[in-house]
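Working notes, beginning with the structure itself.
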Amino acid sequence: MYIKTFPVTASFCLIALICYGCGRASSNINSSTPQPHQDEVQNQNQRTTKSNIPKDPIEAGFLSDSYPKRKETWMRFTKDGRYRWARPEDFHIPEIAKNSSDAIMFAIQYPIVNGDLNHDGIYGDFAAIVIDTTQTDEKSYGLVIFNAPANKQQDYEPYWLYHKEDLSKAVIQAFSDVIYVKFYSADNNKSICEVKWDKAKGKYFCRP
């Protein structure tokens, strides 16, 4: 009886030994496979996030076809490459301010507002924070406002509220067709001004 069962027992031992060896080999292969470093994963996530940010207001969907000249106006304004839409990395808003409000984060990601900004009854106006690519210092920012013409087929004209200024700690928001500019300091203090249109002088100004 002992002799008959010995080969079976030996077979089981041999199989177990082979499986153990396979497991060790598999473990060694997995442990030797290089894993991505945490910084590389974070950098990849950052690149993915940045790639999801629209490059201009047209791609972001802010310049609708309701006013066909708006798209043409922006394309003409940025055609030679001197000006571009400000990007989130252009802003240096204090972290405490960014974390306190989703609206602030939205204003950083999409620095544009639209509506009837000069209160003439035409709702095709828009304003955007832009970067002058020919400037290399902190005064490369501008806030330009485009008034919609009475005739939708006419061209827009740009009006500079701020030009060659440091707006790295500023955001624009609009409520009921009124633009507000919020300026932050490094210690999170802020000042706010309301943008007004002076029809007689044909220009915008910001009133605290």
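Only the coordinates and a few stated rules stand behind these numbers; no lab work does. Since we're looking at a predicted model, the values are computed, not measured. Cβ coordinates were reconstructed from backbone atoms using ideal geometry, including for glycine residues, and neighbour counts include every protein chain displayed.
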- Message: Can you tally the net charge around residue 188? Count Lys and Arg as +1, Asp and Glu as -1, for every other residue whose Cβ sits under 14 Å from the Cβ of residue 188.
- Response: +2
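Pairs of alpha-carbon atoms within less than 8 angstrom and 6+ residues apart define the contacts here; what relative contact order does the stretch 92-169 have, in percent?
After rounding, I find 24 percent.
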- Of the listed pairs 164/201; 55/201; 139/196; 71/164, which have alpha-carbon separations greater than 27 Å here? 55/201
- Selected from 170, 149, 75, residue furthest toward positive end of dipole (the stretch 47-182; charges at beta carbon): 75
- Neighbours of residue 150 by Cβ distance under 15 Å: Lys/Arg at +1, Asp/Glu at -1, summed charge -1
- Item | Least to most buried among 91, 106, 183, 126 (fewest other Cβ within 10 Å first) | 106, 183, 91, 126
- Message: To make sure I understand the rule: partners must be aspartates and glutamates, Cα under 16 Å from the Cα of residue 98, and not fewer than 8 residues away in the same chain. Which ones qualify?
- Response: 89, 90, 187
- Task: Calculate, in nm to one decimal, what residue 175 and residue 95 gain on full extension: separation in residues at 0.36 nm each, minus their alpha carbon distance.
- Result: 26.4 nm
- If 136, 78, 73 are placed from fewest to most neighbouring beta carbons inside 10 Å, the sequence is 136, 78, 73
- 3J(HN,Hα) from dihedral phi, the stretch 99-107, Karplus parametrisation 6.51/-1.76/1.60, rounded to Hz, x for glycine, proline: 7, 7, 7, 5, 5, 5, 4, 5, 5
- Taking neighbour Cβ counts within 10 Å as the exposure measure, how do 84, 207, 70 sort from fewest upward? 207, 84, 70
